[in-house]
Amino acid sequence: MESGLFSVSIDFETSHLFFPTIIHWILGGLFALILITKVAPFMVAVKRGERTLPIIGESRDNFRFFGTFALIAAYFYLMAVVGDLFPYTGYGFLFVSIAFVLLMSLLYLHEWTKKALVIVVINAVVAPTLAWFVLAKLFTITLP
C-alpha cells in the first residue's frame, strides 16, 4: 500500500473513539461559551444586587417538587421489577411508562376537567405505546 496524500490508515483499536472525542470537545466548547455569555453576566448582576439567584428565597410547590423526585425514583426501580416479570419483551418499559406518564401528568394538572383527564389518559397510553413500538418492534432495541 502506498503512503501519500490519498492513503488512509485506520487504527482499529482506537478508531471508535474518534467521533466521541470530537463530540466531547464540541460540548465542552459550547459549555464554556454558555458560561461566558450567560452565566458570567448573570453572576455579575447578582453581585451588584440587580438580580437574585433562582430558587433561593422563592416559594415552591413542595408537593410537586418532591412528588417528581419520588415518581422518577419509582419509575426506574419499577421498570426493572416489572421487566423481570416479562423478560426480553419490553413490557416493563411499556407498563411502567404508561403509569409514570399518567401520574406525572396528573401531578402537574392544574384544572381537573373531564376533557383534561381524557387527554391525560390518552397521552399516557399512546405516547409510551408508540415509543415502545418504535424502539422494541421496529428497531428491535431491548427494553427493560
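Derivation of every value follows stated rules applied to the coordinates shown; laboratory data play no part. This is a predicted model, so every value here is computed, not measured. Methodologically, a virtual Cβ is constructed for each residue, glycine included, from the backbone with ideal geometry; neighbour enumeration extends over all protein chains shown.
Based on DSSP H segments of at least four residues, each scored -39500 (n - 2.57), the chain has a per-residue ellipticity at 222 nm of -20500 deg cm²/dmol. In percent, rounded to a whole number, the relative contact order of region 62-138 is 30, using alpha-carbon pairs under 8 Å and six or more apart.
Go ahead and set up a Gaussian network model of the chain, Cα springs under 10 Å, then flag whichever of 23, 72, 122 fluctuates most. For the chain, modelled as a Gaussian network with Cα springs under 10 Å, the answer is 23.
Fewest-first ordering of 39, 125 by other beta carbons within 10 Å of each residue's beta carbon gives 39, 125.
Name the residue from 130, 22, 40 whose Cα lies farthest towards the positive end of the charge dipole of the chain, charges +1 on Cβ of Lys and Arg and -1 on Cβ of Asp and Glu. Positive-most Cα among the choices belongs to 40.
Per residue, the convex hull spanned by the Cα atoms of the chain amounts to 250 cubic angstrom.
Between residue 46 and residue 88, the modelled label-to-label distance comes to 5.1 nm, taking each label 7 Å out from Cα in the direction of the beta carbon.
Compare 61, 84, 11 in a GNM of the chain, Cα atoms joined below 10 Å, and give the one with the largest fluctuation. So, out of 61, 84, 11, the one fluctuating most is 11. Among the chymotrypsin sites (Phe, Trp or Tyr not before Pro) within region 5-62, those in coil by DSSP and having at most 14 neighbouring Cβ atoms inside 10 Å are 6, 12.
The GNM of the chain, with springs linking C-alpha atoms under 10 angstrom apart, assigns the highest mean-square fluctuation among 97, 15, 105 to 15. Averaging Cα coordinates gives a centre for region 25-71 and one for region 75-89; these two points are 35 Å apart.
Among the trypsin sites (Lys or Arg not before Pro) in region 2-74, those placed in a DSSP loop whose Cβ has at most 14 other Cβ atoms within 10 Å are 51, 60.
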